[in-house]
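This report refers to the structure that appears directly beneath it.
The values are calculated or read from the model by the stated rules, or taken from the named source; none is laboratory data. Quantities reported herein were computed from a predicted structural model and do not represent experimental measurements. When we count neighbours, we look across all protein chains shown, and the Cβ atoms used for this are built from the backbone with ideal geometry, even at glycine. Side chains are part of the model used for accessible areas, which takes the heavy atoms of the whole protein and leaves out ligands, DNA and RNA. Shrake-Rupley method; radii C 1.70, N 1.55, O 1.52, S 1.80 Å.
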Amino acid sequence: MARLAESYSPIVDSLTDRYGVPSGWPEFSDRFGELLLSALAPTADVRRARALLDALRDGGLLEVTAFATAKLDDVSAILKAVGLSGDSKRVVVSQRLARWASERGTFESWEDEPTTQLRDELVNLKGVGPSMADAILLVGLRRPVFPVSRASYRILVRHGWLDPFADYDEARETIEGLARDEPTTLLRLSAWFEIVGKDHCRATTAKCEHCPLRPFLPEGGPLGDSA
Ligand code: SF4
């Protein structure tokens, strides 16, 4: 099996040349707001993320208990008002996340909590799977983990960097091993892989011709399907 680490630097160069360096969200001043964004609007751009935080603050909902007990329709209306999906399932899960945060106490008291402990607690929240838990950890809490999406899994398998029968944790470890303790690097890789998955490496077809990862394909092209 090809080793991703061996091609890592040229892969980063190729992705940077094509897409630039994803900036991600800046660090907002509100820790709860950052946590909330990672679950409520993970794909929002910076402008909308900021608008959402402002709207939640104006509505008195940028506070753990207030958000956890808010009416679902009120939160959905705020999301829609700033141009985001008011998906009720995501709102419900975000309210569970707020209740969890409230029970955990101040954010300062989490600082020394091991990431594995936080992950275990998150995946025990109804509606939060491993990928969402890792997205919350990475984007909301800046922990050095990689949320494996369907797109990133596909890319790894099609390049022979991951066994097609590998489970979620093996896939996560494969990428985390490239950038231990570097949440900023993992954020960039996550953003790049999502773009490649959307633009080229789709579930039904691998459009390799113009893909920035084409130089890293195994001989003979993409390997077995992992969609
Ligand atoms: S080169 Fe092909 S298989 Fe590799 S990421 Fe791009 S589209 Fe997917």
Could you list, in sequence order, the residues of region 9-37 that are among the hydrophobic types (A, V, I, L, M, F, W, C) and not in a loop (DSSP other than H, G, I, E, B)? ILE11, VAL12, LEU15, PHE32, LEU35, LEU36, LEU37
Which one of ALA39, ALA49, ALA68, ALA44 is more than 22 Å from ILE195 (Cβ to Cβ) and among the aliphatic types (A, V, I, L, M)? ALA68
Which members of region 71-96 meet the condition of being surrounded by fewer than 19 Cβ atoms within 10 Å (Cβ to Cβ) and either under 12 Å from GLY33 (Cα atoms) or over 22 Å from the mean Cα position of the chain (by Cα) (or both)? LYS71, LEU72, ASP73, ASP74, ALA77, ALA81
Within the group GLU194, GLU170, which residue is among the acidic types (Asp, Glu), in a helix (DSSP H, G or I), more than 10 Å from the ligand (Cβ to nearest atom) and more than 18 Å from VAL12 (Cα to Cα)? GLU170
Of everything in region 206-227, what is more than 15 Å from LEU162 (Cβ to Cβ), more than 8 Å from the ligand (Cβ to nearest atom) and in a loop (DSSP other than H, G, I, E, B)? Give them in sequence order. GLU209, HIS210, GLU219, GLY220
What do you reckon, is GLU182 open to solvent by 60 Å² or more (accessible area, probe 1.4 Å) and either within 10 Å of the ligand (Cβ to nearest atom) or touching a residue at least 12 places away in the same chain (Cβ under 8 Å) (or both)? yes
Please name all residue pairs, on different chains or six or more residues apart, with Cβ atoms under 8 Å, provided the first residue is in region 203-217 and is within 21 Å of THR16 (Cβ to Cβ) and the second residue is within 8 Å of the ligand (Cβ to nearest atom) and β-branched (Val, Ile, Thr). CYS211/VAL196; PRO212/VAL196; LEU213/ILE155; LEU213/VAL196
Look at region 48-60 and say how many of its residues are farther than 24 Å from SER149 by Cα and surrounded by fewer than 20 Cβ atoms within 10 Å (Cβ to Cβ). 8
In region 135-151, residue farthest from ARG3 (Cα to Cα) [restricted to those that are within 11 Å of the chain's Cα centre (by Cα) and in a helix (DSSP H, G or I)]: GLY140
Tell me, yes or no, whether region 26-34 has at least one residue that is touching a Lys or Arg at 6+ places or on another chain (Cβ under 7 Å), open to solvent by 50 Å² or more (accessible area, probe 1.4 Å) and in contact (Cβ under 8 Å) with a residue 40 or more places away in the chain. no
Hey, GLU108 under 22 Å from SER29 (Cα atoms), surrounded by fewer than 19 Cβ atoms within 10 Å (Cβ to Cβ) and of a type in the set (D, E, K, R) or not: yes
For LEU189, indicate whether it is away from the ligand (no atom under 11 Å from the Cβ) and either outside any helix (DSSP H, G or I) or under 19 Å from TYR19 (Cα atoms) (or both). yes
Can you name every residue in region 114-150 that is more than 22 Å from ASP30 (Cα to Cα), touching an Asp or Glu at 6+ places or on another chain (Cβ under 6 Å) and either hydrophobic (A, V, I, L, M, F, W, C) or at pLDDT below 95 (or both)? PHE146
Report, by residue number, each residue of region 81-108 that is of a type in the set (Lys, Arg) and either in contact with a strand residue (DSSP E or B) (Cβ under 9 Å, 6 or more places away or on another chain) or at pLDDT below 95 (or both). LYS89, ARG90, ARG104
